[in-house]
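Chemist: Provided herewith is a single structure, encoded as structure tokens, for subsequent inquiry.
The values are calculated or read from the model by the stated rules, or taken from the named source; none is laboratory data. From a predicted model like this one, the values you see are computed outputs, not experimental measurements. Backbone-built Cβ (ideal geometry, glycine too); neighbour counts: all protein chains shown. SASA here: full protein model, heavy atoms, side chains in, ligands and nucleic acids out. Shrake-Rupley method; radii C 1.70, N 1.55, O 1.52, S 1.80 Å.
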Amino acid sequence: MADKCQGVDFKCYSLKFENLYPSVLENHFINTALSMADDFVCNMIEEIKNKRRLKYFRIHADGDFYSIGYIKKWLAIMKACPDSQFYAYTKSHKLVKRLTLPKNFYLIQSYGGKHDQLIDKSKPDAYVFNDLGTLNRQGFINCSDNDMNVFKGIKIGLIKR
């Protein structure tokens with residue numbers, strides 16, 4: 001998935017932690033394998049809707065949508081959990097471009113990938129800044145310390161750490 005972080009002037013968030021902590025990379029492999037399992041949708045619905053009764057759910061702390069089949073699994077989960085709000089950052093612009101998204105899904109297009117030219121600026125987008133002053137001057141909402149701010153607008157700003 002790090003291949004989506006090409007040609008950027010900042011390090012990939014996910015790759016940074018994979019290099020610092022080997023267990024992070026191992027967990028990414030485990031989570032990817034779980035997402036490919038036949039019972040993934042049922043397990044996630046049970047966890048989100050019944051066990052934890054989550055109102056908000058961020059898809060991926062890092063990582064991205066890797067196939068249309070995987071996205072369709074998440075769309076089925078969202079449909080089954082209408083009382084939960086889902087959100088995700090993505091650089092997989094080619095995969096998500098033609099999808100009709102459910103009302104309980106807030107998809108944030110992230111800059112810094114190979115296909116930034118596909119970003120629809122009328123929809124939520126995210127950019128990584130070097131400092132808070134620049135983020136504010138550019139009119140982005142700061143989501144660096146409070147991820148729930150993503151629901152406050154369509155220009156999401158993050159500070160490079």
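Chemist: Out of ALA37, ILE48, PHE151, whose Cα points farthest toward the positive end of the dipole of the chain (charges: +1 Lys, Arg; -1 Asp, Glu; placed on Cβ)?
Modeler: PHE151
Chemist: Do you know the relative contact order of the stretch 77-150, to the nearest whole percent, from alpha carbon pairs under 8 angstrom that are 6+ apart?
Modeler: On the way: 80 pairs, mean separation 17.3, N = 74.
The normalised contact order for the stretch 77-150 reaches 23 percent.
Chemist: Would you please state which residues of the stretch 63-88 a label at LYS123 would reach in this model, taking the label point 7 Å out along Cα→Cβ and a backbone N cut-off of under 17 Å?
Modeler: Counting backbone N atoms under 17 Å from the label point, the list is 64-76, 78-79, 86-88.
Chemist: Now for a different question. Using the structure shown, list the pairs from LYS55/LYS79; LYS94/LYS155; LYS55/LYS123 with a Cα-Cα distance above 24 Å, or answer none. Kindly include the intermediate steps, with their values, before the conclusion.
Modeler: Values: LYS55/LYS79 14 Å; LYS94/LYS155 20 Å; LYS55/LYS123 22 Å.
The pairs that break the limit, which is 24 Å between Cα atoms, do not exist here.
Chemist: Assign unit charges at the C-beta atoms only (+1 for Lys and Arg, -1 for Asp and Glu), then state the dipole size of the stretch 26-161 relative to its Cα centre in Debye, rounded to the nearest 20.
Modeler: 480 debye
Chemist: Report the paramagnetic label zone for VAL24: residues of the stretch 45-68 whose backbone N is under 11 Å from a point 7 Å from Cα along the Cα-to-Cβ axis.
Modeler: 62-63
Chemist: Quick check on the chain: of the DSSP beta bridges with both residues there, what percent are antiparallel, nearest 5%? Don't skip to the answer; put the middle values down first.
Modeler: On the way: 0 of 17 bridges.
About 0 percent, rounded to the nearest 5.
Chemist: Which order do CYS42, CYS143 take by accessible area at a 1.4 Å probe, largest first?
Modeler: On the way: CYS42 95, CYS143 5 Å².
So the residues, ranked largest to smallest area, are CYS42, CYS143.
Chemist: Next up: Where the only charges are on Cβ atoms (+1 Lys, Arg; -1 Asp, Glu), what is the dipole of the stretch 110-161 about its Cα centre, to the nearest 20 debye?
Modeler: In total the dipole reaches around 80 debye.
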